[in-house]
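What follows is a short report on a single structure.
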Amino acid sequence: MYVASVESPIGKVYVECDGERITRVSFKSLGRGHGGKQPKALKEATEQLKGYFAGRRTKFDLPLFQVGSDYRKSIWKQLSKIAFGKALTYEQLSDVVGGNARSAGTACGDNPLLILVPCHRVIGKNGLLSGYAGELWRKKWLLEHEGVLPKELI
């Protein structure tokens, strides 16, 4: 695996690539990875993330690879359809895919591609922020950055 990192307003973002596809995005170190020349997909991912944090990008166009059950993959696919500046509740997400809000939340929590597959765009039924593998303060920042939350709330 190849690993790169991007400095962001919410800390270092680590990106992992299998040589052709992005396999993980995390706020926790993913190790050193292979040395040598970075694959095109990894370079493109770091550039797109820099653009996102700079406010110049609202969508990602990258080759992604996720390992999970069919249910998790269906949740992750639906997450990718939530537009920049929009949010769904866990209940709305489960209404589209099936299951219940709790199972949808678990699948969101297992998303290996933070930010690129925007699980941060899913909120509690009552409008409160709940659950995010990258910590709630980062979820709040991401939603504010995308204009979903006014900075005064939550």
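In the frame of its principal axes, the chain has Cα extents of 48, 37, 23 Å, reported largest first. The Cα atoms of the range 70-145 define a convex hull whose projected area, averaged across directions, is 4.3 nm².
With each label modelled as a point 7 angstrom along the Cα→C-beta vector, the residue 7-residue 96 pair spans 3.6 nm. Considering only 16, 91, 47, the mean-square fluctuation computed in a Gaussian network model of the chain, springs between alpha carbons under 10 angstrom, is largest for 47. With kT/(6 pi eta Rh) evaluated at 10 °C and eta = 1.306 mPa s, and Rh the Kirkwood radius from Cα pairs, the range 2-53 diffuses with a coefficient of 146 µm²/s according to Stokes-Einstein.
The H on the amide N of residue 38, modeled in the peptide plane, is under 5 Å from the matching H of no residue at least 5 residues off or on a different chain. Close amide H partners of residue 24, meaning residues 5 or more places away or on another chain with modelled amide H under 5 Å apart, are 16.
Using Cα springs under 10 Å in a Gaussian network model of the chain, which residue among 94, 26, 69 shows the largest mean-square fluctuation? Comparing 94, 26, 69 in a Gaussian network model of the chain, the most mobile one is 69. Rounded to whole numbers, the Karplus 3J(HN,Hα) couplings from phi for the range 96-105 are 6, 9, x, x, 10, 4, 5, 5, 5, x Hz, using 6.51 cos²θ - 1.76 cosθ + 1.60 with θ = phi - 60°, and x at Gly and Pro. Largest GNM mean-square fluctuation across 64, 142, 42, computed for the chain with C-alpha springs under 10 Å, falls on 64. For the chain, take the longest principal axis of its alpha carbons; what is the angle in degrees between that and the long axis of helix 136-145, to the nearest 10 within 0 to 90? Roughly 90 degrees between the two axes.
For a label point 7 angstrom out from the Cα of residue 37 toward its Cβ, which stretches of the range 1-20 have the backbone nitrogen within less than 15 Å? Label zone hits: 19-20. Across the range 6-11, rounded Karplus estimates of 3J(HN,Hα) from the backbone phi angles (6.51 cos²θ - 1.76 cosθ + 1.60, θ = phi - 60°) give 10, 6, 9, x, 10, x Hz, Gly and Pro being marked x.
Restricting to the chain, compute how many DSSP beta bridges are antiparallel as a %, nearest 5. Rounded to the nearest five, the antiparallel share is 70 percent. Once both axes come from the Cα atoms, what is the angle between helix 70-79 and the longest principal axis of the chain, in degrees from 0 to 90, rounded to 10? With rounding to tens, the tilt is 90 degrees. Axis angle, to the nearest 10 degrees, between helix 40-53 and the longest C-alpha principal axis of the chain: 50 degrees.
Where a number appears in this text, it was derived from the coordinates with a stated rule and is not lab data. It should be emphasised that the depicted structure is a prediction, and the values quoted were computed from it without experimental measurement. Note that each Cβ is placed from the backbone with ideal geometry, even for glycine, and that neighbours are counted across all protein chains shown.
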